[in-house]
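Below: one structure, written as structure tokens.
The values are calculated or read from the model by the stated rules, or taken from the named source; none is laboratory data. What you see is a predicted model, and the numbers here were worked out from it, not measured in a lab. Cβ sites come from the backbone with ideal geometry, for glycine too, and all protein chains shown count toward neighbours.
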Amino acid sequence: MAGGWAKDGAVSEQIEASISDELARIRARKAPQGESLTHCADCDEPIPEARRLAIPGVKLCIDCASDRDTRPETRGGINRRGSKDSQLK
């Protein structure tokens, strides 16, 4: 049941649209390219040969890559609600 001027299923549509947008953003990320580095670009520790062979173009060691992957990414959200209250942030 939708409230106000929203049609039935509007919340589900918003959730599905947000998920689709996030999946498209993840798929658009480019894989590393070029020659792999022998030492990490961030900490200068050696990158194991097995990692360099497994991921062509790797630039970071496992620790630095894990830190970068778990760091929160700040980016603007999309206001899908369309109500005046949601635009007053």
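Residue pairs whose Cβ atoms lie under 9 Å apart, sitting 6 or more positions apart in sequence or on different chains, and linking a residue in the stretch 22-42 that is farther than 16 Å from residue 69 by Cβ to a partner that is of a type in the set (Gly, Ala, Ser) and surrounded by 12 or more Cβ atoms within 10 Å (Cβ to Cβ), are 33/57; 34/57; 35/57; 36/57; 37/57. Please work out which one of (1) surrounded by 10 or more Cβ atoms within 10 Å (Cβ to Cβ); (2) modelled with pLDDT of 90 or more; (3) part of a helix (DSSP H, G or I) is the condition residue 13 fails and give its number. Tallying (1) surrounded by 10 or more Cβ atoms within 10 Å (Cβ to Cβ); (2) modelled with pLDDT of 90 or more; (3) part of a helix (DSSP H, G or I), residue 13 fails exactly one: (2).
The set of residues in the stretch 24-37 that are of a type outside the set (Asp, Glu), in a loop (DSSP other than H, G, I, E, B) and modelled with pLDDT under 90 comprises 29, 30, 31, 32, 33, 34, 36.
Mind listing whichever residues of the stretch 38-89 are at pLDDT 85 or above, of a type in the set (Val, Ile, Thr) and not in a helix (DSSP H, G or I)? Across the stretch 38-89, the qualifying residues are 38, 47, 55, 58.
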